[in-house]
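What follows is a single structure, written as structure tokens, with notes after it.
The values are calculated or read from the model by the stated rules, or taken from the named source; none is laboratory data. These numbers come from a predicted model, not from an experiment. Don't worry about glycine lacking a Cβ; one is built from the backbone with ideal geometry, like all the others, and counts go over all protein chains shown.
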Amino acid sequence: MITVALIPAYNEETRIADAIHDARRFVDLVVVVDDCSKDQTAERARSAGAIVLRHVINRGQGAALQTATEYALTVLKADIVVHFDADGQMDGSEIPSLIDPIVREEADVVLGSRFLGKQTNMPMTRLVANRLGRLFTSVFSGIHLTDTHNGFRALSRHAAQEITITLNRMAHASQILDLIKVKKLRYIERPVTIRYSQETLAKSPSSLRAFGIVKDILKDKFLTHV
Amino acid sequence: MMFQGILIAFALFAVTRTLKQYRKQKVSLHWFLLWNSLWITVIGVALWPRSADIIAKFVGVERGADLAVYLAVVILAYLVFRLFVRQEQTEKEITKLVRKIAIEEVEK
């Protein structure tokens, strides 16, 4: 079984190497998609032992993840892919517990959840935003989760083939949930720890940017399918 | 009179522009005809303002000028929608291209 960690990265030269080392202990290969970074992200990732793909134009996290997925499936013949972050918010040692349900063929998709037992230092505003996200997801995707926009996931080869991300920016997280429902994939949640630091909070989507995500999803649902 | 003059001048300008674009094959025949018939209608209405009133009465709108404004809003809304869909399509195509390049480059 080939397990591949997929890491979309944009201007992450300071943290990418640690994230790769962290993930590599628990997967066979690490694929980094450098989304047209302006810094040394690609070089750092390559020297940390990852396979690096480069977007010549910045296309957003969703697009980068899809590029990594296609490469892992077609070229590396991956059996399991793990979505991992470049900024060190995730803990690589949790990868085995995420891929375990897939190995045992109990699920096609395993979603990390910050609210299943493990402690996090999530700021209050994010907690509220996440609750709203849960409600939004239940209404629009018809899928009930304890945590909706957690980027830590594991997908079986079959699930990764079925789920094609077309939303370029951050709304891809909702699109993945949508497709799980539409393609009738078996999913399960597993507790994960997400570490918030000042640095990562400044970069990852703020609670306000959730509105932008909602806009992208609505646009996709109501306009682009005409 | 002044307003009519400006309107006609602008419409003529639009017609010649479209013609030029069509000759360069930048717009399709379909769009060329549609676009020009719109501007020719504008010229017609500017020359004979009463004609707009007659059409307006026929479709149940009080004044010709009102009908023109309603039509303009509808046409603009439709064009914006078309542009929006096309823009979204272009974005997706760019992503596909960027992805193809990324995968091919690493394989080398």
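Can you pull out the residues in region A:148-173 that are within 14 Å of another protein chain (Cβ to nearest Cβ) and within 22 Å of residue A:105 (Cα to Cα)?
Initially, region A:148-173 is screened for residues within 14 Å of another protein chain (Cβ to nearest Cβ), giving A:164-169, A:171-172.
If the condition is that a residue be within 14 Å of another protein chain (Cβ to nearest Cβ) and within 22 Å of residue A:105 (Cα to Cα), then A:164 is the only one that fits.
Test each condition in (1) at pLDDT below 90; (2) within 14 Å of chain A (Cβ to nearest Cβ) for residue B:58 and report the one that comes out false.
(2)
Looking at region A:99-107, is at least one residue more than 13 Å from chain B (Cβ to nearest Cβ) and in contact with a Pro (Cβ under 6 Å, 6 or more places away or on another chain)? Let's see the steps before the verdict.
Keep residues of region A:99-107 that are more than 13 Å from chain B (Cβ to nearest Cβ), which gives A:99-107.
So of that shortlist, the ones also in contact with a Pro (Cβ under 6 Å, 6 or more places away or on another chain) come out as A:107.
Among the residues of region A:99-107, at least one is more than 13 Å from chain B (Cβ to nearest Cβ) and in contact with a Pro (Cβ under 6 Å, 6 or more places away or on another chain), which makes the answer yes.
Specify which of the listed residues (A:132, A:73, A:145) is within 14 Å of chain B (Cβ to nearest Cβ) and aliphatic (A, V, I, L, M). Spell out the reasoning first.
Values: A:132 fails: within 14 Å of chain B (Cβ to nearest Cβ); A:145 fails: within 14 Å of chain B (Cβ to nearest Cβ).
Matching residue, one of A:132, A:73, A:145: A:73.
Quick test for you: out of A:29, A:53, pick the one residue that is without any contact (Cβ under 8 Å) to a residue 40 or more places away in the chain and within 14 Å of another protein chain (Cβ to nearest Cβ). Let's see the steps before the verdict.
Values: A:29 fails: without any contact (Cβ under 8 Å) to a residue 40 or more places away in the chain.
Result: A:53 is the single residue among A:29, A:53 that is without any contact (Cβ under 8 Å) to a residue 40 or more places away in the chain and within 14 Å of another protein chain (Cβ to nearest Cβ).
Could you tell me which numbered condition residue A:61 fails, if it satisfies all but one of (1) within 14 Å of another protein chain (Cβ to nearest Cβ); (2) more than 13 Å from residue A:9 (Cβ to Cβ); (3) within 12 Å of the chain's Cα centre (by Cα)?
Answer for residue A:61: the failing condition is (2).
What tally of residues in region A:32-43 results from selecting those that are surrounded by fewer than 24 Cβ atoms within 10 Å (Cβ to Cβ), touching a residue at least 24 places away in the same chain (Cβ under 8 Å) and not acidic (Asp, Glu)?
4
Looking at the structure I just gave you, is residue A:156 crowded, with 21+ Cβ neighbours inside 10 Å and more than 25 Å from residue A:87 (Cβ to Cβ)?
Values: crowded, with 21+ Cβ neighbours inside 10 Å: yes; more than 25 Å from residue A:87 (Cβ to Cβ): yes.
It is true that residue A:156 is crowded, with 21+ Cβ neighbours inside 10 Å and more than 25 Å from residue A:87 (Cβ to Cβ).
Restricting the search to region B:50-62, which residues are surrounded by 13 or more Cβ atoms within 10 Å (Cβ to Cβ) and either within 14 Å of residue B:11 (Cα to Cα) or not small (Gly, Ala, Ser) (or both)? Talk me through it step by step, then tell me what you get.
First pass over region B:50-62, keeping only residues surrounded by 13 or more Cβ atoms within 10 Å (Cβ to Cβ): B:51-53, B:55-57, B:61.
Hits for region B:50-62 are B:53, B:55, B:57, B:61.
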